[in-house]
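These notes are about the structure you will find just below.
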Amino acid sequence: MKFQFNYAFDSRMLDALGYEPVGQTILVIRLVMTAIRLAEKNRVIFVTDDIDAKQLFEQIVIGNGEFGNDDECIYIETEDINKKTNVKAWEEWSKNINMKFDVAIMNPPYDRNLHLKILEEVIPHAEKIVNISPVRWLQDPFAPYSTRSDYRKFEESVSKKIESLDVIPAKKASELFDASFTMNLGIYVCSEQGGYNYHHDDSLITKIVQKTMESNWLPFNQKKFYQDGCVQTKPYVLNVAAIRTNEAGQDTPRIVCKEYANQCSTQLMASTSVFNGGSGLNAVHFEFDTEDERKNFWACYNHPFMLWTYTYWKMDANIRSTNVPYFGDYTHPWDYADFFAWFGLTEAEQERVMQEITEMQNE
């Protein structure tokens, strides 16, 4: 998604820089109004994949003698007919940066971790970087425990280079930038000096994460179901499959449908998964002996305590089975006392949870 013509977006980036550059060499990625503004008193290298932004910059800046003749526009041509980011083209450009910049101001494309790859390449070439892109990769409390996470992969090249980070919640970002966001954004100020504390040091959340890792959805029920050829053995079924969990404007992230009837009608998407030779997990499949068990299971994951935990997950748009605690016994409705006991929370931790739940419900 591109926002070149959003003045609020551009102004927020310059505010994060903290000063108005003069006489400097500046890299600007996909922010045409910023590029035009800064070109009046600086040399600007403007990089974009938007043909309209390219033409506007060339018309106003490069074609205007009052701006000087040292500004440049680099056009990343995309091949997709819907103008989605061409990942390879952006990667090729970023890996071949061959000059130094005083400042880089960036709104890189967000395709998966492409924004991190570009930031990683730009940091060694700029004295100061102001970058806006998703921040979920850095906030996810489960990430430090995964060797394959972006948190680990970009720790040396990006995380340790962050000076400050201004997090913009998804709902606020949607209002501020007049666009639909399903993830939090972060305005990163980066340099070789770094200094921002990006480590996860919340003892309560760490306790919940570690307990969840000991017993989560991934190994249970659905594994045997897929390995046995997707044969149903119990009368009551519930499939949790690719449910959107954090759409813009939604009250609270959820991992199961908000309406019980809708959840019960969720169908199995495919008969293959990582458990029987497939490439992914198309549904988390659960079976129950009674209707009460199935209803208790659903209610458990819609309980205020669980809705509170989801706010710390910083999840992707779809469910992550490894992040969901598997409580084992769903023969009874779960209440606060059950959750507190299962996670082993102290009285002080319980008080904090209840306070934050109250605040969440009042928002």
Test for residue 36: is it surrounded by 14 or more Cβ atoms within 10 Å (Cβ to Cβ) and either part of a helix (DSSP H, G or I) or modelled with pLDDT under 90 (or both): yes
All positions within the stretch 288-321 that are touching a Ser or Thr at 6+ places or on another chain (Cβ under 8 Å), at pLDDT below 95 and either part of a helix (DSSP H, G or I) or basic (Lys, Arg) (or both): 307, 310, 311
Helices (runs of 4 or more DSSP H) completely within the stretch 135-252 that count 1 or more residues being modelled with pLDDT under 80 and within 26 Å of residue 307 (Cβ to Cβ): 170-177, 222-227
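Conditions (1) of a type in the set (D, E, K, R); (2) assigned to a helix (DSSP H, G or I); (3) modelled with pLDDT of 95 or more, marked per residue:
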site: 41; (1), (2), (3): yes, no, no
site: 46; (1), (2), (3): no, no, yes
site: 55; (1), (2), (3): no, yes, no
site: 59; (1), (2), (3): no, yes, no
site: 98; (1), (2), (3): no, no, no
site: 105; (1), (2), (3): no, no, yes
site: 111; (1), (2), (3): yes, no, no
site: 120; (1), (2), (3): yes, yes, yes
site: 123; (1), (2), (3): no, yes, yes
For the stretch 105-125, the count of residues that are over 20 Å from residue 150 (Cβ atoms) and of a type in the set (A, V, I, L, M) equals 1
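The values are calculated or read from the model by the stated rules, or taken from the named source; none is laboratory data. Computed from a predicted model, the values in this text were never measured in an experiment. Virtual Cβ from ideal backbone geometry, glycine too; neighbours counted across all protein chains shown.
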